[in-house]
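Colleague: Structure provided below as structure tokens; questions to follow.
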Amino acid sequence: LDERAYRNLKINATPSVSVRIHSKQGSVEFEDGVNANLSFIADALIEPQFDNKVFTIVGHTDTTGEPQYNEDLSVRRAKTIYQKIVAHAPSLADKINIVGKGETLPLYEENDDIERMLNRRIELKLE
């Protein structure tokens, strides 16, 4: 997130927000710059307008691999993001839920590597 996106997240907070973070195949490693983005997100989430909100980190995978492996991987990805956010903003620890959806909710059909990459994601949802 750049500074403008951060300001918009703070100013235009709505009852539902979704942030997508893409990961590498078969891994809990994320795209470059994820730590800086998560710092911006954590700073925004500790703002007073979010005091009574709960957040859910949802992990997703592509369809490469076995379904059970993918479900476990999606949970591990969500936990990794949770740990990074909480390391920056410990007060969020009890306000974040972790869910792994594995390969069950693809955004794309996976006709190519780009579509597979876009399905490997973390979503941070404000509820």
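The values are calculated or read from the model by the stated rules, or taken from the named source; none is laboratory data. Here the structure is a predicted model, which is why all the values come from computation and not from measurement. Here the Cβ is made from the backbone with ideal geometry for all residues, glycine too, and neighbour counts use every protein chain on show. Surface accessibility is based on the protein's heavy atoms, side chains included, excluding ligands, DNA and RNA. Shrake-Rupley method; radii C 1.70, N 1.55, O 1.52, S 1.80 Å.
Colleague: Please find, among THR104, THR61, THR56, the residue that is out of contact with any strand residue (DSSP E or B) (no Cβ under 8 Å at 6 or more places or on another chain), open to solvent by less than 40 Å² (accessible area, probe 1.4 Å) and of a type in the set (Ser, Thr, Tyr).
Modeller: When all the criteria are applied, what remains is THR61.
Colleague: Which one of these does ARG76 not meet: (1) modelled with pLDDT of 95 or more; (2) in contact with a His (Cβ under 8 Å, 6 or more places away or on another chain); (3) charged (D, E, K, R)?
Modeller: Of the numbered conditions (1) modelled with pLDDT of 95 or more; (2) in contact with a His (Cβ under 8 Å, 6 or more places away or on another chain); (3) charged (D, E, K, R), the odd one out for ARG76 is (2).
Colleague: How do the pairs read when you match residues in segment 88-100 that are closer than 15 Å to LEU38 by Cβ with residues anywhere that are small (Gly, Ala, Ser), using Cβ under 8 Å and keeping only pairs 6 or more apart or on different chains?
Modeller: If the second residue must be small (Gly, Ala, Ser), the pairs left are HIS88/SER39; HIS88/ALA42; ALA89/ALA42; LEU92/ALA42; ILE98/GLY59; ILE98/ALA78.
Colleague: When segment 107-125 is examined, which residues are found to be surrounded by fewer than 17 Cβ atoms within 10 Å (Cβ to Cβ) and touching a helix residue (DSSP H, G or I) at 6+ places or on another chain (Cβ under 9 Å)?
Modeller: Residues satisfying the conditions are LEU107, TYR108, GLU109.
Colleague: I've got another one for you. Report yes if LYS125 is at pLDDT below 90, closer than 16 Å to ARG20 by Cβ and of a type outside the set (A, V, I, L, M, F, W, C), otherwise no.
Modeller: Answer is yes for this residue.
Colleague: Just one of the numbered conditions (1) closer than 23 Å to LEU45 by Cβ; (2) surrounded by fewer than 20 Cβ atoms within 10 Å (Cβ to Cβ) is not true of ARG77; which one?
Modeller: Of (1) closer than 23 Å to LEU45 by Cβ; (2) surrounded by fewer than 20 Cβ atoms within 10 Å (Cβ to Cβ), only one is false for ARG77: (2).
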